[in-house]
1. Hey, what number do you get for the chain at 222 nm if only DSSP H runs of n ≥ 4 count, each worth -39500 (n - 2.57), divided across all residues, to the nearest 500?
2. Does anyone have the angle between helix 50-62 and the longest principal axis of the chain? Alpha-carbon axes, 0 to 90°, nearest 10?
3. Place a point 7 Å from the Cα of ASN89 along the Cα-to-Cβ direction; which residues of region 1-37 have their backbone N under 20 Å from it?
4. For the chain, what is the per residue volume of the convex hull drawn over the alpha-carbon atoms, in cubic angstrom?
5. Compute the helix-to-body angle for 3-14: its Cα long axis versus the longest principal axis of the chain, expressed 0 to 90° and rounded to tens.
6. At 25 °C and 0.890 mPa s, grab the translational diffusion coefficient of region 1-55 from Stokes-Einstein with a Kirkwood Rh over Cα pairs, rounded to a whole number in µm² per second.
7. Do any GluC sites (Glu not before Pro) in region 15-93 lie in a DSSP loop with no more than 16 other beta carbon atoms within 10 Å, and if so, which?
8. Just in region 1-76: which trypsin sites (Lys or Arg not before Pro) are loop by DSSP and have at most 12 other Cβ atoms within 10 Å?
Amino acid sequence: MSTKLEKWIEAKRKYRLSDKHIQMARELGLNPDKFGKLDNHKQEPWKAPLKDFIEDTYLKHFKKPVPEIVRPIEQIIAEKKRKKDERKNRPAT
């Protein structure tokens, strides 16, 4: 598994995000390492919670509230592994 996707899985668990929020953040190009700065720890009342921040930013950028197709990270990993195995087992020409 790539380290990029491992970071997203860790962020999903740590900040209790759904697959929808993770996909939206990935499409926006957000860095999962920086979620700690964006997350509201209830110490800064002017900040929106991380889920709301991602949804608002996604709506402003893409002009739609949610992605049309939501794919879990685990599905993306499985597809990449399947494609890699297909390429590896393909006969050389």
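1. One gets -18500 deg cm²/dmol as the mean residue ellipticity at 222 nm.
2. The two axes meet at around 70 degrees.
3. Zone members listed by number: 1.
4. With only Cα atoms used, the chain gives 115 Å³ per residue.
5. Taking Cα atoms only, the helix is inclined about 40 degrees.
6. Details: Rh = 11.5 Å.
Stokes-Einstein gives a translational diffusion coefficient of 214 µm²/s.
7. Listed in order of number, the matching sites are GLU68.
8. Working: sites: LYS4, LYS7, LYS12, ARG13, LYS14, ARG16, LYS20, ARG26, LYS34, LYS37, LYS42, LYS47, LYS51, LYS60, LYS63; in loops: ARG16, LYS42, LYS47, LYS63.
Of the trypsin sites (Lys or Arg not before Pro), the ones in loops of region 1-76 whose Cβ has at most 12 other Cβ atoms within 10 Å are ARG16, LYS42, LYS63.
Read-outs throughout are calculated quantities, based only on the coordinates presented, and are distinct from any laboratory measurement. Bear in mind that the values here come from a model prediction, so they are computed numbers and not experimental data. Positions of Cβ are backbone-derived with ideal geometry, glycine not excepted, and every protein chain shown enters the neighbour counts.
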